[in-house]
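Rule-based calculations on the coordinates, nothing more; no lab input. Bear in mind that the values here come from a model prediction, so they are computed numbers and not experimental data. Backbone-built Cβ (ideal geometry, glycine too); neighbour counts: all protein chains shown.
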Amino acid sequence: MATVEEPRTFIRPDGKEKVTGTGRYTADLVLAGELVAKFRYTDHTHARITRIDASKARALPGVLAVVTHEDVPDVLYGGMVQDRRLFAKDTVRFEGDIVAGVAATTAEIAEHAAALIEIDYEPLPVVTDFEAALADDATLVHPDWEAYEGEESLGRHHNTLGYSTIVKGDVDAALAGADVVVKGRYVTDPVSGVPIEPRAVIAQWQGDKVTVWTSTQVPYAARGGVAHVLQIPESQVRVVVPLLGGGFGAKCDFHFEGHVAALARAARRPVKLVFSRREEFFAVGHRREGMVIEFETGARADGTLVARKARLVLDKGAYCGEGGFFAQMAAMHAHGPYNLENVHIESSLVYSNNQPSSSIRAPTAPQVCWALEQHMDELAAALDLDPVELRRRTAIETGSVTATGQVLEQIAMKETLEKAVEMIGYGQELPEDEAIGVAIGWWPCFASSSGAYVKLNHDGTGTIITGAQENGTGSVMAMPTYVAAELGMKPEDFSLLYQDTDAAPNDMGSCGSQTTFNSGRAVIAAAVDLREQLLDAAADKLEAGRGDLVLADGAVSVQGSPDKSVTIAELASSGAFHGKSLDVPPDGPAAPAEGCVGRLGLESFHAPQLIAHAVRVRVDRGTGVVRVLQVAAAHDCGKILNRIGADGQVYGGVVMGIGQALSEGTQLDENGRHRNAHLTDYKLVTASDAPHIDIAWIETDTPNAGPKGSKGVGEPPCVPTAGAVANAIAKVIGARVHQLPMTPERVWEAGT
Amino acid sequence: MSVQTFTTAATVDDAVAALAAGSRPVAGGTDIVVGARSGKAAMPAAIVAIHRVAELHGVEVLGDGRLRLGALATHTEIAANDDVRKRFSALSDACAIVGSHATRAQGTIGGNLMNASPAMETGGPLICLGATATLHSASGTREVAIEDLWLGPGQTTALPGELLVSVEIPSPEAGSGSAYLRLEYRRQMEIAVVGASAFVTVHRGNVIQARVAMTALSPTIRRVPGAADALIGTDGGAAAIEAAGAAVAAAATPISDVRGSADYRRAMAAVITRRAIETALSRARQEDA
Amino acid sequence: MKVETTLTVNGTAYPLELDPGTNLLSAVRDVIGLTGSKEGCDDSECGACMMLLDGQPVNACSYLALQAEGSEITTVEGLADGDTLAPLQAAFLDLGGVQCGFCTPGMLVSATALLDANPQPTEDEVRIGLSGNLCRCTGYDGIVKAVLSVSGQ
């Protein structure tokens, strides 16, 4: 185990185009004859549609296509449950449901035409209170839920889209016998991903084949989605992602590519959709879910956690998408990185007429961690123990067994805790309006299939062809360094062909912090395959034994005879060298998870990443305004392959976590409509509010890790930040803030 | 929402003629274009750009110590002026925290005042500093006290065809200090949820003159005479400041919206007012000493 | 009705015909064809469209293009000296100031304005000066370090 000290130099291959403004994002592309797409959104958040008449829109000069449900195949779609239509047919279920799309020569005409579409509705009761939606007699958001195709293990029932439990021992008996029992209820507001690039999609048909340029994090899922909703083969759909202006989960899953492809087909022209910031807030099917979280934990006087009971209700919003796993993921975060003797956690993912929630950076984790870590601090107070000391005594370590029965191998949970506490100067004298809070969390790796090719050009340079998606983190941009290391070449010798579904094998895309873990593994495997080919060719050429050959500095030479050598360029000039990967994701650890329901595979955490954050805040007691002054972030993410890239994830993730803690929250009205779908009142952290952040990487040798012992990096940095901020606030004001975000008003109310 | 005609005025007379013909003036564009883009109000059909009118520029101290701000004086120019910072501190405070550095560089005092937002930063300071606006039209020129400039959110008392050409602030008496403070959730890029301005004159330790104004707490920014009364004749101690803050809270008619509840705003009215007064007093005492 | 005008962007004069309501960002991106400046919001909050107007920062999305006639407009495309990156551009790359890159053009333009006005800013002055440019990726760390490094700190 070692702490990484020195940054390693890394200049991103896409850097020059990004700093000179010559790089092209989707909205920057212009195709000859392209039309502008605008959507007609529903006028109600829950209603039956009784009539759609688009004749006036179709008659408007400059309109080349109006598309409704009648113009596309009558199919449902959705990642884990197929519960959604491209264009609403008989029912609308949230503010962003699309009834029709228009393609016109100008944005003004398209907007005007969209407004001319006549729609009659029969309003239905609007389900906004997702906790109440659990009741047996609640209005059903999807009366046909039983008819939907979906993942079997979700445990769907009425408005409950997913139900998951973690059960171990007899929690009630253990609570009855505990020295101390602490209870708490926490509520979180929904949050948006807010990539700075609003999404854009362009579709162009050539014959029966459509090319879609889109700002997606998951090009292969987008391709599959377009093929499904238009009922055409995937081979007829090519998805290309130009530079992607951030995602944070908000651009995961398939969605608007289908609408634009349908419009382009109907208009017989290329069609471009560019979202306004307002649409980027309310219309997307990806936001962080609101939750209700209840905890009851019993401990012995020495801190031993004898019982944890939890009840979680998660607002899924109107549709499932890929987010069906949230109930189990939230349950695992309610377990948290702690040793627990008896457990009963139940977690329900519930349909409502609110905007659909789906993966946003570490889905479910920041909210549950925020609640759990406050709860742990409250337990520490009840036990009269220092909160850090309580965590020292109860946090998981190598060899710990989770409540689902997973044996944890080689983890550095406690080491990250000690490091964060050391970096922040825990225990120091502080002004009376300042305090330090600490929180810990965990997050799994996701092993999945990927593939890659590495080919050599005749001049000895090469091209890496990967299905991976670069969303800014640098995980794709770092691939030339891995390949160059295998081949004795320089990173700048390689170009990248990526973000094009016609080029590379299938890939999960930029989600789940798994690009290096899976796509990086594939790229390295392809490089190794190519290396073997080069060594074979060099052995022939040099008439030397394979075992005597050394690949370095752009040449293959015979060990001990430096004059016997051949350059890679010379080898490449005579052949068609290309390496490809074999797709072998590492196996995950098993967990019996006896008695647990809603098992989707998350009952064991593959190569878990461990995180400890310590933050120092200043609270203005008069106003409730909180400033985060300093953050110490210690992470076990296995071996760090690209320090600048990894640090960048922590800087950005922590600042996102601070936003979630203090200022970012979607406010919905009584009908589930956004009240602050703009950046004036949905407040991101600015440069002047971002604190100084110290980072430490605790490098462990994790079994079943990714390439070179790496784990994921991108999502964990925003997991425990809000919890640490909350614990610091509570120390200053002497009270708990039970709702996220902890706005000045809420802090002031709690402290008054 | 499309603009049909666009002219650029070279002189005040050009501008006034265009206004008489029904054009709306645009200077830095930071309100009018944003308002249209975010759907608050459509772009006017006729626009006269006044940003090239030389007579409307300038931050200038007149011979008797008065400050004259051309309508096109930007927040950046005003905030950077040492004399403004020293003698008209509340205005400097306000100009330094408007929007972003781009808003401050392009946004003008005239545009800010005529946009008539009850949350604008510069209004309260100008009221407290006793400023007047000069309005010019084809039929002549008139002066209006800043506190009489607004009717309600987005509504001014300017007559059709009138252009705000300048703002004048009298020279503060010896021993004066002023301050503007807003409740801000972030350090930058904020719109006042609650704002307070205070101007005080201290003579031999006693407050002999005071004006206090509240921002974002009523349909227009306005003075709270009761708050000033609580200070005048006192030594500016904690009890007087407390009473002044309470007077503002009592006078406030706040709304509840996404930025905060009425109850919170009312409570913050007292807190922010107290802090603005404390800063103004401390500045005044330095002058008095 | 379109109006004839000439806009000077990065030293090049472009004769154009514009609708009078066209904002500067749209004129530069859609009519002139320089797409380095980005559109990230509807209300001057994100700063992705930041340009310089006679050296002063402007949210180009909220400025009428016709008002810029007679002014020198600078965009991100005008920062490098031919193929040589400006020191700020190089520093952004060296110090982790670029991730997705969508805020980068506006951020670079804002930082250029900031350093022009204040060549030796403190860290807090840098943070205040860049607050009108939102970045969701970097936490601002690499960006602030880059600006300070160019100012010799």
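Brief remarks follow.
- Too-long pairs where the Cα-Cα distance tops 26 Å, listed order kept, from A:Lys251/C:Lys38; A:Lys16/A:Lys711; A:Lys251/A:Lys272; A:Lys490/A:Lys564: A:Lys16/A:Lys711
- Between the C-alpha center of the range A:110-183 and that of the range C:1-77 there is a gap of 48 Å.
- Per-residue mean of C-beta atoms belonging to partner chains within 10 Å, peptide B:190-203: 1
- Potential extension, A:Ala107-A:Thr752 segment - 0.36 nm per residue separation minus Cα distance: 227.2 nm
- Its Cα centre serving as origin, the protein assembly as shown has a Cβ charge dipole (Lys and Arg +1, Asp and Glu -1) of approximately 1080 debye.
- Proximal charge balance of C:Leu53 [Cβ under 14 Å; K/R count +1, D/E count -1]: -2
- Listing A:Glu432, B:Glu287, A:Glu296 from fewest to most neighbouring C-beta atoms within 10 Å gives A:Glu432, B:Glu287, A:Glu296.
- Peptide-level mean, for A:647-658, of C-beta atoms on other protein chains within 10 Å: 5
- Summary of the geometry: the range A:22-66 and the range A:217-244, compared by the centres of their Cα atoms, lie 20 Å apart.
- Dipole of the protein assembly as shown, positive end: most advanced residue of A:Leu417, B:Leu149, B:Pro254 [Cβ charges, Cα centre]: B:Leu149
- For the range A:127-266: Kirkwood Rh in Å [reciprocal of mean 1/r, alpha carbons]: 19.2 Å
- The label point for A:Asp90 and the one for A:Asp459, both projected 7 Å from the Cα toward the Cβ, are 6.3 nm apart.
- Rounded to the nearest 10 degrees, the inclination of helix C:141-150 to the longest alpha-carbon principal axis of chain C is 90 degrees.
- 10 Å Cβ neighbours from other chains, averaged over peptide C:33-40: 6
- Positive-pole candidate from B:Gln209, C:Phe92, A:Val628, dipole of the protein assembly as shown, charges at beta carbon: B:Gln209
- Residue among A:Val292, A:Ala330, A:Ala266 farthest towards the positive dipole end of the range A:206-344, charges placed on Cβ: A:Ala266
- C-alpha long axis of helix C:104-117 to longest principal axis of chain C, angle in °: 80 degrees
- Ranked A:Ile693, B:Ile277, A:Ile733, criterion: other C-beta atoms within 10 Å, fewest first: A:Ile733, A:Ile693, B:Ile277
- Placing +1 on the Cβ of every Lys and Arg and -1 on the Cβ of every Asp and Glu, with no other charges, gives the range A:265-417 a dipole of roughly 1260 debye about its Cα centre.
- In this calculation the C-beta distance from A:Arg546 to A:Val401 is compared with R0 = 51 Å, giving a FRET efficiency of 0.65.
- For the range A:168-242, the antiparallel share of DSSP beta bridges with both residues in that region comes to about 60%.
- Kyte-Doolittle mean at least -1.0, axial Cα span of 24 Å or more - DSSP H helices of chain A: A:365-383, A:521-542, A:643-662
- Spacing of the modelled spin labels on B:Lys40 and C:Thr8, each 7 Å from Cα toward Cβ, amounts to 3.3 nm.
- Per-residue Cβ neighbour counts within 10 Å put A:His69, A:His157, A:His375 in the sequence A:His157, A:His69, A:His375, beginning with the fewest.
- Chain B - mean residue ellipticity at 222 nm from DSSP helices (-39,500 (n - 2.57) per run, n ≥ 4, rounded to 500): -10000 deg cm²/dmol
- Efficiency of FRET between B:Lys86 and B:Ala262 - r from beta-carbon atoms, R0 45 angstrom, step 0.05: 0.75
- Taking label points 7 Å from Cα along the Cα-to-Cβ direction, A:His692 and A:Glu389 give a separation of 2.9 nm.
- Rounded to the nearest 20, the size of the Cβ-charge dipole of the range A:16-92 about its Cα centre is 180 debye, with Lys and Arg at +1 and Asp and Glu at -1.
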